[in-house]
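Read the structure below first, then the notes.
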Amino acid sequence: MSEAIQVADEQSLVGEVSTSQWHSLKAIFIAFLWIFALLAVWSAFAEPEGRLFAWALSPVGYWLLLAVHEMGHAVATWLVGWRVLAIGIGPLGYHFHNREFAFVPRSKRTEHAGFVLPVPTSAATCTVGRNIFVTAAGPAANLILAAGLFAAWWLGPLPGADDTVDPPLILLGIAVGSLALGIQSLLPSFHEKFSNDGDNIRTNLGLKPIEWSNERAIAYLAAALRHQMRLRDLPSWMIDEAAESTAHIDGDHRRYVETVLIGIVLDSPPVDVAEARQMLDEFRDRYGSSEWIGSCDAYFTAVWEGDAARARASLWQGSYNEESKALMLAAEAAVLAREGRATEASQKLRKMRSAIKKEAVFPDHTFRDIDRQIQAIMPA
């Protein structure tokens, strides 16, 4: 839900102290904990070689603590009967639905260093309580690990310890690092683009039941699509609930749901040409022209109706959002392919692939099939 529901108003959390001041205090406090953790591990080694080795492995230690955090979310997701769609631990991501690994740059992570995308399996299990439990499980995993390591440190020397290494100090450093990661994820993020676990917990605690029921399906749909779940694979309960909740309400949510419904038809081979044409025409009549409907119509007309002239007339000629770039390139490639201009169509497809790679978190199977469909209508 972190990607579709706004975090709580920061001013209500920080009182009269400015956001920038709280942000600075948080940064100093968290930095102090991490520095303490590093120094503790460094001090555990008596020899310079050991200290150098400890510094070199510090990123690995951070990655392992992050893995504990994200696995806390994942285990909680399975415990409440939901499924994990995708997980990201630092730059490494895995898409459970598509069974694919991917490199996830910082700009595409929903949180600072990693993410888990939980997907409710039914409307009955999609509750605020379950969502809060899943969200809180990440920080809880770090805090529980920290408590266990603090206890081990307190017990003193471990069997087999020698004069060159002080294992309790290593345990202390890892414990403080885990504590820092847990606290960092619970304190307000003060970030416009990214929210953390604490932000999401506070948001969900403040939601009224009617707000949750009206927003949940659309929020999870948006998150699943942003992480490259195929349109045709979206859970039916989300589609039905989103369509029902927006059927009698004009606005962006209804329009968004209608684009999803059209996308499902186009992503479900064999495509029902008559149904798709009716839905595209009704959408254009209701909302007018845009880069989305123009590109969808042009692609559909070229690939599935085989009408090059009408497809070219449907292409959008105005300004567009960067998010629509891949779809527009696909539409232009489809029109060129249907017109028999294979070289130009191939150039557009290369640009489309670059645009997808820039925006997508994981490989996009829908655009992969669109690519194949366009290549299939190119002249030999």
What single numbered condition from (1) aliphatic (A, V, I, L, M); (2) more than 26 Å from residue 360 (Cβ to Cβ); (3) modelled with pLDDT of 90 or more; (4) surrounded by fewer than 20 Cβ atoms within 10 Å (Cβ to Cβ) fails to hold for residue 161? (3)
What is the residue count in the stretch 325-350 for residues that are assigned to a helix (DSSP H, G or I) and either surrounded by 17 or more Cβ atoms within 10 Å (Cβ to Cβ) or modelled with pLDDT under 95 (or both)? 17
Provide a single number: the residues in the stretch 199-213 that are without any contact (Cβ under 8 Å) to a residue 60 or more places away in the chain and within 25 Å of residue 20 (Cβ to Cβ). 0
Given the conditions (1) modelled with pLDDT of 90 or more; (2) surrounded by 20 or more Cβ atoms within 10 Å (Cβ to Cβ), and given that residue 104 satisfies all but one, which numbered condition is not satisfied? (1)
If I filter the stretch 53-65 for residues that are part of a helix (DSSP H, G or I) and in contact with a strand residue (DSSP E or B) (Cβ under 6 Å, 6 or more places away or on another chain), do I get at least one hit? yes
Does any residue in the stretch 177-198 that is at positive phi come within less than 9 Å, Cβ to Cβ, of a residue that is surrounded by fewer than 23 Cβ atoms within 10 Å (Cβ to Cβ) and among the aromatic types (Phe, Trp, Tyr) six or more places away or on a different chain, and which pairs are these? 190/22
Selected residue (only one of 124, 140 is within 30 Å of residue 77 (Cα to Cα), assigned to a loop (DSSP other than H, G, I, E, B) and at pLDDT 90 or above): 124
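The values are calculated or read from the model by the stated rules, or taken from the named source; none is laboratory data. All figures in this text were calculated on a predicted structure; none of them were measured in a lab. Ideal geometry is used to build each Cβ from the backbone, glycine not excepted, and the neighbour counts take in all protein chains shown.
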